[in-house]
Structures are given as C-alpha cells and as structure tokens.
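In what follows, a structure is listed as structure tokens, so that the remarks can point back to it.
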Amino acid sequence: MIVVADTSPITALLRIKKADLLLELFEEISIPEAVRSELLRYHHSLPRWLVVGTAQNESELSKLRIELDAGEAEAIILAQEIQSDYLLMDERKGRRIAMSKGLRVIGLLGIVLLAKERKSISSAREMLAELEKTAGMYLASSLRETALRSVGEK
C-alpha cells in the first residue's frame with residue numbers, strides 16, 4: 001500500500017522517534033515537494049525511505065492553495081495522481097476536501113490504531129500519551145477512550 005503524507009503527522013512521528021512505524025504499515029510513503037520543504041524547516045534530516053514526488057496538475061494546485069497551505073494542497077493532488085491507497089493528513093479542512101475528491105484519508109490516530117491492530121506497537125494508549133506529551137497532539141478524552149476501546153484497550 002502507498003500513502004501520501006502531509007507534514008504534521010510525519011513531524012509528530014519524528015518527534016517521538018517512531019517514523020519508521022510507517023514503513024511497517026505501508027510499502028511506500030510519498031511526500032510532495034512542499035511537505036519536504038516544510039519538514040526540513042524543523043528537522044535536520046529526513047528518513048531516506050521517504051519518496052519525494054511532484055504534483056503535476058498546476059490548475060488544481062492553484063485552486064486548492066486558496067483554501068489550504070502548499071503542503072496540504074500538493075499532498076492531495078499527488079495522492080490523486082499516483083492513486084495512493086491513503087492520504088495521511090490531520091488538518092480537518094484538508095481532510096474534508098480530500099474526501100470530497102474521493103481520497104481515502106487516515107490521520108495520526110488512525111496510524112496508531114492500525115499499528116496496534118497489526119501488533120507493530122504494544123500499547124496505543126502509551127503511544128498516544130507520548131504523542132500528546134512530546135508532539136503536541138491533542139485528542140478529546142472521549143475520542144481517545146473510544147479509539148482505545150476499538151483496539152481492546154480500556
């Protein structure tokens with residue numbers, strides 16, 4: 001499976017030193033040029049396994065850039081162009097637009113739950129706590145508890 005990723009989920013995983021988890025879940029992790037640039041503003045180096053692609057449809061990019069930042073817009077277009085299995089994005093407006101274009105969207109919470117289901121991590125609760133503490137991820141307690149119950153954690 002191929003996933004195209006936006007900046008914030010990768011940044012969060014890099015901050016907690018769990019970015020390689022994406023390799024356990026997906027065959028290929030692609031990012032557009034704008035996401036690469038955004039990531040390099042905050043991280044000295046990026047994992048070698050990230051595949052950098054270029055979104056080609058300039059007219060669609062221009063339309064999306066009115067509503068979204070460059071990374072989100074390019075991620076959506078790149079996901080469409082390479083027919084990725086998922087778009088990894090947390091920003092609500094970007095997710096809504098991506099889904100309206102027929103893309104399957106997964107967020108950081110979905111990555112944690114998928115990793116728990118596939119036994120790539122032992123505790124979704126611990127990983128979510130680490131993401132909240134170290135990477136600034138925020139989840140409403142009711143959402144967190146519902147998500148944890150869905151993977152058998154109480």
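Bear in mind these aren't lab numbers, they're just calculated from the coordinates by the rules spelled out. None of the values given here were measured: they were computed from a predicted structure. Positions of Cβ are generated from backbone atoms using ideal geometry, with glycine treated the same way; all protein chains shown enter the neighbour counts.
Quick rundown of the values:
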| quantity | calculated |
| --- | --- |
| Dipole magnitude (debye, nearest 20) for the chain, charges at Cβ of Lys, Arg, Asp, Glu | 540 debye |
| Largest-first principal axis extents, alpha carbons of the stretch 26-154, Å | 47, 34, 26 |
| Qualifying GluC sites (Glu not before Pro) in the stretch 117-154, DSSP loop, other Cβ atoms within 10 Å at most 16 | Glu153 |
| Straight-distance crosslink candidates among lysines, where the alpha carbon sits under 18 Å from Lys18 and sequence neighbours closer than 8 are dropped | Lys116, Lys119, Lys133 |
| In the stretch 24-114, the chymotrypsin sites (Phe, Trp or Tyr not before Pro) that fall in loop regions by DSSP, at most 13 other Cβ within 10 Å | Trp49 |
| For the chain, with +1 on Lys and Arg beta carbons and -1 on Asp and Glu, the positive-most of Val52, Leu39, Ser122 along the dipole | Ser122 |
| Residues Thr11, Thr134 arranged by fewest to most Cβ contacts within 10 Å | Thr134, Thr11 |
| Formal net charge of residues neighbouring Gly53 (Cβ-Cβ distance under 11 Å; K, R +1; D, E -1) | -3 |
| Qualifying lysines (Cα of each under 23 Å from Cα of Lys101; at least 8 residues distant if same chain) | Lys63, Lys93 |
| Where trypsin sites (Lys or Arg not before Pro) fall in DSSP loop in the stretch 39-100, at most 12 other Cβ within 10 Å | Arg48 |
| With Cα atoms, 0 to 90° folded angle of helix 108-117 axis to the chain main axis | 50 degrees |
